Amino acid sequence: MLEQLVAAAMLHLPTSDHVPQPSRSVANRWADSGVVSIWAGASKHERDVWRCIRRHESMQAGHWKASNPRSTASGAGQWLDSTWRGVSHWVTWRGQYVARGYRRAKDAPPWIQDLTFRHVYKHGGLHMWAGTGCPGT
């Protein structure tokens, strides 16, 4: 079972040497993408805020692939398409703009959604999730 979960998680990761590598542990459904290099240096608070936001926004709707039937919101953080397009232009990984290639948040792999959250967190943009009740929003 564990081997199947790890294999399934690895399907969502690019294979190039220039992209993050998956961790060797498998956590519960509400854990982040598990890409260790994406979360290097993150505080416990930062990870807890993202976990809280994801739990609030997409728990019942498919998590990373969630799509809101009443708006353009999608992905684990329920990013509006306009917000995703704006933010994704600035998200980089090892010098590459990795989020630009995804039209909607739900189309981006979990590690890119995590990386995009980290960008927003770093730049003080948590106010878009003010209604979640999560710390710092």
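Any read-out appearing in this document is the output of simple, stated calculations on the displayed coordinates, not a laboratory observation. This structure is a prediction, so every number in the text was calculated from the model and none was measured. Ideal geometry is used to build each Cβ from the backbone, glycine not excepted, and the neighbour counts take in all protein chains shown.
Among the residues of segment 62-100, how many are touching a strand residue (DSSP E or B) at 6+ places or on another chain (Cβ under 7 Å) and of a type in the set (A, V, I, L, M, F, W, C)?
Count: 2.
Does T83 fit the bill of being farther than 23 Å from S43 by Cβ and touching an Asp or Glu at 6+ places or on another chain (Cβ under 6 Å)?
No; evaluated as a whole, the condition is false for this residue.
Looking only at helices (runs of 4 or more DSSP H) that fall completely inside segment 41-124, which ones have 2 or more residues that are surrounded by fewer than 16 Cβ atoms within 10 Å (Cβ to Cβ) and either touching a Pro at 6+ places or on another chain (Cβ under 7 Å) or in contact (Cβ under 8 Å) with a residue 24 or more places away in the chain (or both)?
44-58
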